[in-house]
Amino acid sequence: MIYSMTGYGKAESQVANNKKIVVEIRSLNSKSMDLSVRIAPQLRSKELEIRTLIAQRLERGKIDLSVYYQDAAQGENASTYSPINREAFAYYYKELSSLQAELGIATGDLMATILRMPDVTKVQDNSEITDEEWTVVLQTIEAAMEQFNAFRAQEGVSLYQMFCEKLDAIKGLLAEVEPYEQSRVEKIKARIEANLDQLSAATQQAIDRNRLEQEMIYYIEKLDINEEKVRLTNHLKYFRGTMEDEAKRQEGVGKKLGFIAQEMGREINTLGSKSNQSEMQIIVVKMKDILEQIKEQVLNVL
């Protein structure tokens, strides 16, 4: 089964001093691991360990991790944001207001400017985390990752169902090509014969009929699409089989599915170049449209 790169997980645990640790993990699709970490000041010394743990367990994606403390007494209504550092805010306001008056600068959005200044929304807590608290933090991160991976698995089921529908649609369109194959060859032969009939009698007598038959066979063989049909059918089976292979889930399935989709595109493009008939070209365009939808969603596969 495939997993989505989109995910969300949250976990909470009680710690000492009437506090609780809260861990939130969010992710979107990315070609590699793109990890952004926001953690409580007490955990700064553990940031490298946290990053290593997340990178090893969550594999790939644009991941945002937040680890912060919350007042347990406030329950679910507790704020998940860092409080305003009033001293820092007042200092910046005084300095910027004075600078505006001194230089005659027009008053802008001073509030937004101050909130972006260093330490205005930073919790000033330099206390070190204890070994017991660190154990709780690790357990909470593990619990959040379990929820996160469960979310990815759920989204993966939806992706799997969508891919199966799209693969079946391409397979159905490929079957629609068959009725046009024989008639296409007959039309090509008839067109060549019609063109020959327009030649003068002398020219027609001078034509080597055996050589003409050989050239016609060669030309028609170049337009044969059986090989492309077989390869495209195999690619459709391989795509489905790769999704269902549990043993391959840890080996970059999303990237592999992307490569298979590219090969499917090559065969569909070749079908289009060989079709030489409007009805077949319409079918090929429909295939390309479905394949583009597959390629777009493959980017979300872990």
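The values are calculated or read from the model by the stated rules, or taken from the named source; none is laboratory data. It should be emphasised that the depicted structure is a prediction, and the values quoted were computed from it without experimental measurement. Counting neighbours? That spans all protein chains shown, and the Cβs are built from the backbone with ideal geometry, glycine included.
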Exercise. Before we move on, is residue 148 within 21 Å of the chain's Cα centre (by Cα) and closer than 30 Å to residue 43 by Cα?
Worked result: yes
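List the strands (runs of 3 or more DSSP E) that sit entirely inside the stretch 1-116 and contain at least 3 residues that are modelled with pLDDT under 80 and exposed (fewer than 14 other Cβ atoms within 10 Å of the Cβ).
Qualifying strands (runs of 3 or more DSSP E): none found.
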